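A.B. asks: Okay, here's the structure, questions in a sec.
The values are calculated or read from the model by the stated rules, or taken from the named source; none is laboratory data. This one's a predicted model, so the numbers in the text were calculated from it and none came from an experiment. A quick note on method: Cβ atoms are made from the backbone with ideal geometry, for glycine too, and the neighbour counts reach across all protein chains shown. SASA here: full protein model, heavy atoms, side chains in, ligands and nucleic acids out. Shrake-Rupley method; radii C 1.70, N 1.55, O 1.52, S 1.80 Å.
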Amino acid sequence: VIKNSHANVFPLDEIITRTKGTNKNYTFDDDEIENLFDYQYGQPYTFSILAILYPGLNMRNSFHIDHIYPKSFFSVSKLRKEGIAEDKIEFYLDNYNRLANLQLLEGIPNKEKSDSMFDDWLNITYPDGSPEREAYIRTNYIPAGIDYSFGNFEEFINRRKKLIADAFRTLIG
């Protein structure tokens with residue numbers, strides 16, 4: 001594009017148009033934001049994507065990628081044992097390891113959280129109505145005012161995706 005350009009200005013618009021939909025895309029739109037939710041625990045860029053959501057993160061501390069709802073509960077047998085409806089099991093298995101169920105936690109709090117159910121951990125660590133709970137929910141893009149029980153995982157994921165997508169839209173202006 002640059003080589004074939006005869007204009008006196010850099011052909012940025014033409015480059016953007018030409019590369020849209022390729023792996024050299026120079027735009028970041030709603031489709032790109034939606035694609036971020038496919039990143040999973042253990043993939044190379046997952047930490048970086050999460051770190052963008054935490055602009056005030058003190059990187060001198062050790063942060064872990066934490067499963068908000070612990071991954072140890074996500075097997076067909078455990079989901080059935082927890083009373084998850086058969087028609088919901090696929091959603092749970094498809095989403096537990098993806099970006100919308102991940103957060104950054106400092107190492108020690110992550111180890112303390114371990115395999116605790118999210119609603120139990122949240123209520124113990126950040127009691128309902130406390131300013132610390134409100135700050136945690138806001139900082140970590142946790143949907144406010146919903147049931148955090150394991151049976152409500154699907155609503156949690158869908159609402160958290162919206163919060164994260166809105167945060168990325170704000171960041172890119």
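A.B. asks: Condition first: hydroxyl-bearing (Ser, Thr, Tyr) and under 12 Å from Lys113 (Cβ atoms). Now tell me which residues in the range 60-71 satisfy that.
C.D. replies: Tyr69
A.B. asks: Can you tell me which residue in the range 19-48 is least open to solvent (accessible area, probe 1.4 Å), limited to those that are at pLDDT 90 or above, out of contact with any strand residue (DSSP E or B) (no Cβ under 9 Å at 6 or more places or on another chain) and in a helix (DSSP H, G or I)?
C.D. replies: Checking each candidate, the answer is Ile33.
A.B. asks: Please give the number of the condition Pro70 fails out of (1) surrounded by fewer than 14 Cβ atoms within 10 Å (Cβ to Cβ); (2) touching an Asp or Glu at 6+ places or on another chain (Cβ under 7 Å).
C.D. replies: (1)
A.B. asks: Here's a follow-up. Mind counting the residues in the range 140-173 that are among the charged types (D, E, K, R), without any contact (Cβ under 8 Å) to a residue 60 or more places away in the chain and more than 19 Å from Leu122 (Cβ to Cβ)?
C.D. replies: The total comes to 2.
A.B. asks: Considering (1) at pLDDT 95 or above; (2) under 29 Å from Asp166 (Cα atoms), say which one Leu53 fails and leave the rest.
C.D. replies: (1)
A.B. asks: Quick check: anything in the range 49-65 out of contact with any Asp or Glu (no Cβ under 7 Å at 6 or more places or on another chain), open to solvent by 50 Å² or more (accessible area, probe 1.4 Å) and part of a helix (DSSP H, G or I)?
C.D. replies: Yes, the range 49-65 has at least one match.
A.B. asks: Same structure again: Give the number of residues within the range 1-11 that are open to solvent by 90 Å² or more (accessible area, probe 1.4 Å) and not aromatic (Phe, Trp, Tyr).
C.D. replies: So the count comes out to 6.
A.B. asks: Does Ser72 meet the test of being over 20 Å from Ile164 (Cβ atoms) and in contact (Cβ under 8 Å) with a residue 24 or more places away in the chain?
C.D. replies: Yes: the conditions hold for Ser72.
A.B. asks: So, restricting to helices (runs of 4 or more DSSP H) that lie completely within the range 82-173, which ones have at least 1 residues that are over 21 Å from Asp31 (Cα atoms), open to solvent by less than 70 Å² (accessible area, probe 1.4 Å) and of a type in the set (A, V, I, L, M)?
C.D. replies: 86-95, 118-125, 131-139
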